[in-house]
Structure formats: structure tokens, C-alpha cells
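For reference, the structure discussed in these notes is given below.
The values are calculated or read from the model by the stated rules, or taken from the named source; none is laboratory data. Predicted, not measured: the structure shown is a model, and the values here were computed from it. Neighbour counts are summed over all protein chains in view; Cβ atoms, including those assigned to glycine, are modelled from backbone coordinates with ideal geometry. Remember, those area values only see protein heavy atoms, side chains included, never the ligands or the DNA or RNA. Shrake-Rupley method; radii C 1.70, N 1.55, O 1.52, S 1.80 Å.
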Amino acid sequence: GQSLEQPSEVTAVEGAIVQINCTYQTSGFYGLSWYQQHDGGAPTFLSYNALDGLEETGRFSSFLSRSDSYGYLLLQELQMKDSASYFCAGTDSNYQLIWGAGTKLIIKP
Amino acid sequence: DVKVTQSSRYLVKRTGEKVFLECVQDMDHENMFWYRQDPGLGLRLIYFSYDVKMKEKGDIPEGYSVSREKKERFSLILESASTNQTSMYLCASTRREAPYEQYFGPGTRLTVT
């Protein structure tokens, strides 16, 4: 079956850089997406990697390596408002998203 | 501004009741999805729809049904609510083109007593 693995929790300090990894076991993913979800809120789209390499959007970057079945989300200059859960999700051939279980990012002052 | 709305933010129902959750999107998206989200389990797909009157089962369809009579509206029905259906229910919509970004509604927190 298809599955995505990511750490359940990551802790970092305000102003630092943090990387959230995502490994997947599947075939035929069109690409890898990342979503952010604050407590009590709905997931919101952060980025999408269709090709190998790094995509940068402001303080956030996302990386994909299809040969390694691996991706990561990199958050720079962490702010307290970045405290949230982050989900990786693969787009399959039916245009559905297969979701990881999410990583809770805890940021300390 | 894109928008997905859900009929209720909070809902409390009794065991055995029939429950209707409605989702409306104003982006003319072809695809619509219903998920439930429980702590530690991420988002699990219940049903999705590619087009009007089309529906496909997701990973956990048991105890649920759906209806899509109009492109903008996707309804989730719990035929006979049970306590294990207490959860957060999220609706989403997307186009059939990259980046396949899913736009979510605010969610309905359903409690079945």
C-alpha cells in the first residue's frame, strides 16, 4: 500500500531553522505537497514538488528526491506563529492526496 | 477569494440519528472530498467525488454516504450516527491540475452521544 512517514513531533527554538522529513512507500506519486494546520483550524497548502529539487517560498522551502522516496520541509527564521502541525501528502494517479500522520512543531522562545 | 464553507462548526447528535453535513465551494472545482480527522491519525478519506453525481469510496466509507447533485455542493450523510463517529469532519475541493492544492472548509466538530 501507499504510506508516508513523518516524525510525530519536532521541537525548535524561535529564530532557528528546522527540517521536517517525510519518507514514502508508493509508486506513481505525481508529487509531494506540504500543508500547515494550526490547532482548531483547517489545513492550508504550503508547497508542492512535482520534480526533484528545492522549491522556495519565502521562509519555507520544500525538497523532493524521487530516487530516495524522500522529501522535507525546511522552515527558516522560525516564529512563534509557525507552531502548528505539518503534513506531507502525495498526489496519486487519481488526483487524491495520501496523507502522512502529521508532525507537531513546537517552538520555544 | 476562494472559499469552502461547511454547514455547521459544531454539532451534537444522539446515537442513531441521521446526520447531514453540507459543504459548498465557490471555485468551480471538479473534485470534492470528505475527510475525518482524529488525533494522531491524520486525515482519513471517507468519500470523494470527481463530478456531479459521481462518488468514490475512500479509505473509511463504512457508516457514511454522500451526495453530489450540484457541482458546488457535496453532502456527507451519517445514516445512523454512532459514538465512534465523533470526530472533526473536513471538506475539501481541488482542480484536476497541478499543484492539486486542496482548499479546506473550516471543519465540523461532531459529537455523538
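Structure notes:
- Chain B - percent relative contact order, Cα under 8 Å, separation 6 or more: 36
- Rounded to the nearest 20, the size of the Cβ-charge dipole of the protein assembly as shown about its Cα centre is 740 debye, with Lys and Arg at +1 and Asp and Glu at -1.
- Per residue value of the accessible surface for chain A (all protein chains in place, 1.4 Å probe), Å²: 47
- Building the convex hull from the alpha-carbon atoms of region B:1-100 and averaging its projection over directions returns 6.7 nm².
- Across the options A:Phe63, A:Thr91, A:Met80, the greatest Cα extent toward the positive end of the charge dipole of chain A (unit charges at beta carbon of Lys, Arg, Asp, Glu) belongs to A:Met80.
- Annotation for the B:A interface, with buried accessible surface near 1600 Å², both sides summed [1.4 Å probe; non-protein components not counted].
- Relative to its Kirkwood radius, the Cα radius of gyration of region B:13-69 gives an Rg/Rh of 0.98.
- Every pair of different Cα atoms in region A:1-81 enters the Kirkwood calculation, which places the hydrodynamic radius at 13.5 Å.
- Global geometry of the protein assembly as shown, whether rounded, prolate or oblate, following the gyration tensor of its Cα atoms and the 1.5 cut on a/c: prolate
- Label point distance in nm, A:Ser93-B:Met27, each placed 7 Å from Cα along Cα→Cβ: 2.6
- Charged-residue dipole, Cβ positions (Lys, Arg, Asp, Glu), chain A about Cα centre, Debye nearest 20: 120
- For the residue pairs A:Lys104/B:Lys3; B:Lys18/B:Lys71; A:Lys104/B:Lys53; A:Lys81/B:Lys18; A:Lys81/B:Lys71; A:Lys104/B:Lys57, the alpha carbons lie more than 31 Å apart in A:Lys104/B:Lys53; A:Lys81/B:Lys18; A:Lys81/B:Lys71.
- Treating r as the C-beta distance of A:Met80 and B:Val52 and R0 as 45 Å, the FRET efficiency rounds to 0.55.
- Pair A:Ser3, B:Glu97: separation of 7 Å Cα→Cβ label points (nm): 3.6
- Selected from B:Tyr89, B:Tyr100, B:Tyr50 as most flexible by GNM, with chain B as the system and alpha-carbon contacts under 10 Å: B:Tyr100
- For region A:37-109, convex hull of alpha carbons as volume per residue, Å³: 107
- Between region B:1-71 and region A:28-101, the alpha-carbon center distance in angstrom: 23
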